[in-house]
Amino acid sequence: DAKTTQPPSMDCAEGRAANLPCNHSTISGNEYVYWYRQIHSQGPQYIIHGLKNNETNEMASLIITEDRKSSTLILPHATLRDTAVYYCIVMMIYNQGGKLIFGQGTELSVKP
Amino acid sequence: DTAVSQTPKYLVTQMGNDKSIKCEQNLGHDTMYWYKQDSKKFLKIMFSYNNKELIINETVPNRFSPKSPDKAHLNLHINSLELGDSAVYFCASSQVGESNQVGSPLHFGNGTRLTVT
């Protein structure tokens, strides 16, 4: 079962920041928070990940609370092409690589 | 060049048939995966292979058999297809990190839509 909870859907106006919340209250110390998104009919696409510090890349920013029980993905200037299902995932680490467990995600609709 | 490629993109077949889906990655990754996305859009891991060795097998029926001829390929064979096998199947790859550190993110292919009639 997924270890994260996300709102099923959100709307955002084009050009505005999209803030997608995620709860992961049972996260353990060596588990990372990953964000992926799936645009209709395509494979999931990696966005960003973090352990406990805030992270930023060319796509988004990831804000993780100090207790690590929740996080927020920020798309600073949402465009219509950002319309997708966004998945927040807690990553279990095996010696041979991580196993991603997807939840239901948040369906983000960016509107003109 | 496509990093993770799957063939075919669409596969329509009848119940009882045997079919295969091929996956190739040109990223030099050492771990490959198969995920299944059902009609309710849930993505569930089926298998993962690391350097041709089966690592994860998530209670998938024996009719599903992954085969990894080398670390760049992970094919999925499905025997005696059933209606419930209809779904989109995604292949993915990643690189394991050193000393239990997290490795690279997963790179996914664009999926194979399997329809069993």
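Please treat every number below as a calculation from the coordinates, not as lab data. Computed from a predicted structure; not experimentally measured. So basically every Cβ, Gly included, is an ideal-geometry build from the backbone, and we count neighbours across all protein chains shown.
Going toward the positive end of the dipole of the protein assembly as shown, with +1 on Lys and Arg Cβ and -1 on Asp and Glu Cβ, which of B:Ser48, B:Phe108, B:Phe64 do you reach last?
Among B:Ser48, B:Phe108, B:Phe64, the one farthest towards the positive end of the dipole of the protein assembly as shown is B:Phe64.
To the nearest whole percent, what portion of all C-alpha pairs in segment A:5-112 is separated by more than 17 angstrom?
Above the 17 Å cut-off, segment A:5-112 has 50 percent of its Cα pairs.
Could you count how many Lys pairs in segment B:4-117 have their Cα atoms under 15 Å apart, skipping same-chain pairs fewer than 8 positions apart?
Within segment B:4-117, the lysine pair count is 11.
Total Lys pairs in chain A closer than 17 Å by alpha-carbon, pairs eight or more apart in sequence or interchain only?
Close lysine pairs under the 17 Å cut-off: 4.
Would you look at the GNM of chain B, springs on alpha carbons closer than 10 Å, and say which of B:Gln25, B:Gln14, B:Gln37 moves the most?
In this elastic network of chain B, the residue with the biggest mean-square fluctuation among B:Gln25, B:Gln14, B:Gln37 is B:Gln14.
Give me the extension gain from A:Ser109 to A:Asn57: residue separation times 0.36 nm, minus the current Cα-Cα distance, reported in nm with one decimal.
Length gained between A:Ser109 and A:Asn57: 16.5 nm.
What do the square roots of 5 times the Cα gyration tensor eigenvalues come to for chain B, in whole Å, largest first, as semi-axes of the equivalent ellipsoid?
On the way: eigenvalues 119, 39, 34 Å².
Value: 24, 14, 13 Å, ordered largest first.
Enumerate cysteines in chain A without a disulfide-compatible partner, where compatibility requires another Cys Cβ under 4.7 angstrom.
A:Cys12
Going toward the positive end of the dipole of chain B, with +1 on Lys and Arg Cβ and -1 on Asp and Glu Cβ, which of B:Ser86, B:Val96, B:Tyr33 do you reach last?
Sorting the options by dipole projection puts first B:Ser86.
Compute the FRET efficiency between A:Ile74 and A:Gln42 as 1/(1 + (r/R0)^6), taking r as their Cβ-Cβ distance and R0 = 30 Å, and round to the nearest 0.05. Mind dumping the intermediate values first?
On the way: r = 22 Å, r/R0 = 0.74.
In this case the efficiency is close to 0.85.
When you look at the Cβ of every residue in A:27-40, what mean number of other chain Cβ atoms sits within 10 Å?
The mean count of partner-chain Cβ atoms within 10 Å per residue comes to 1.
Assigning unit charges at the beta carbon (Lys, Arg +1; Asp, Glu -1) and nothing else, what dipole magnitude in debye, to the nearest 20, does the protein assembly as shown show about its Cα centre?
Details: 21 positive and 21 negative charges, 80 e Å.
That gives the protein assembly as shown a dipole magnitude of about 380 debye.
Sorted from largest down, give the three principal axis spans of the alpha carbons of the protein assembly as shown, whole angstrom values.
49, 44, 34
Within segment A:1-69, report the trypsin sites (Lys or Arg not before Pro) that DSSP leaves as loop and that have at most 16 other Cβ atoms within 10 Å. Can you show the working numbers first?
Working: sites: A:Lys3, A:Arg16, A:Arg37, A:Lys52, A:Arg68, A:Lys69; in loops: A:Lys3, A:Arg16, A:Lys52, A:Arg68, A:Lys69.
Passing sites in segment A:1-69 are A:Arg16, A:Lys52, A:Lys69.
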